[in-house]
1. Would you mind finding the one in Leu16, Leu99, Leu46, Leu26 that is touching a residue at least 24 places away in the same chain (Cβ under 8 Å), outside any loop (DSSP other than H, G, I, E, B) and under 20 Å from Ala126 (Cα atoms)?
2. Yes or no: Ile35 within 13 Å of Ile6 (Cα to Cα) and touching an Asp or Glu at 6+ places or on another chain (Cβ under 8 Å)?
3. Quick one: how many residues across region 140-149 are surrounded by 15 or more Cβ atoms within 10 Å (Cβ to Cβ) and either part of a helix (DSSP H, G or I) or hydrophobic (A, V, I, L, M, F, W, C) (or both)?
4. May I ask you to list the residues in region 92-117 that are surrounded by fewer than 20 Cβ atoms within 10 Å (Cβ to Cβ), over 17 Å from the mean Cα position of the chain (by Cα) and of a type outside the set (Asp, Glu)?
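FYI, it's all coordinate maths here, none of it is from the lab. Worth saying up front: this structure is predicted, and the values here are computed from it rather than measured. As a convention, Cβ positions derive from the backbone with ideal geometry for all residues, glycine included, and neighbour counts pool all protein chains shown.
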Amino acid sequence: MPRPTILLNTCALINLLASGEIESILGASASEIMIYAAVEKESLYLRSNDPNDTSLAPIQLDAFIRAGVFNVCDIDGEAEEILYVDYASQLDDSEAMSLAIANARGYVLATDDRKARRIFLESVGAKNRLISTSDLIRRWAGRKAVSTARLKSVLLSVQRQANFIPTRSDANFAWWRDASRWQSVLVRRAGFSRKFSLKTSG
């Protein structure tokens, strides 16, 4: 079965960059990776992998674009403009752009934003047109026979550097919890702190 073109929105892009394995992860699921033009103009940062270091490092996308890891796309044509305006009435401009392009061109949309996922699914009506960070990493781990230690390192890097962990409603939450085996993860979202107790095995 041919692998699809995947359009990464900003949150999924940051999460995968934090993994340190973005090319390998995306290569396991996609024939082509797209990012939308607005992402190039955003100021994106990763946290340090050292929990004692609170500094932020800017993300440089130019090298990935020059190497052909990502292709950049923009809203093109009246149909995409109409979709963009419709989505922008419900989402921020950047998110709306990703949904409009993915919808119009038949791309798979990679996003972890629950509202964006719901709206996109209502629009396209096909679950196989939607994918998440946890889906991509789990698929990579299975298809590439990734070792337990390597997978754990990747998951913890995403948690630390992108400040991301799947929500309990995510189909891969239990898998992520067990694979990362990190007893307490402090995740800050929208100014709030939430502590997840993650059980270790053994």
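1. Numbers: Leu16 fails: under 20 Å from Ala126 (Cα atoms); Leu46 fails: under 20 Å from Ala126 (Cα atoms); Leu26 fails: under 20 Å from Ala126 (Cα atoms).
Result: Leu99 is the single residue among Leu16, Leu99, Leu46, Leu26 that is touching a residue at least 24 places away in the same chain (Cβ under 8 Å), outside any loop (DSSP other than H, G, I, E, B) and under 20 Å from Ala126 (Cα atoms).
2. Working: within 13 Å of Ile6 (Cα to Cα): yes; touching an Asp or Glu at 6+ places or on another chain (Cβ under 8 Å): no.
It is false that Ile35 is within 13 Å of Ile6 (Cα to Cα) and touching an Asp or Glu at 6+ places or on another chain (Cβ under 8 Å).
3. Qualifying residue count for the region: 3.
4. Ala104, Arg105, Gly106
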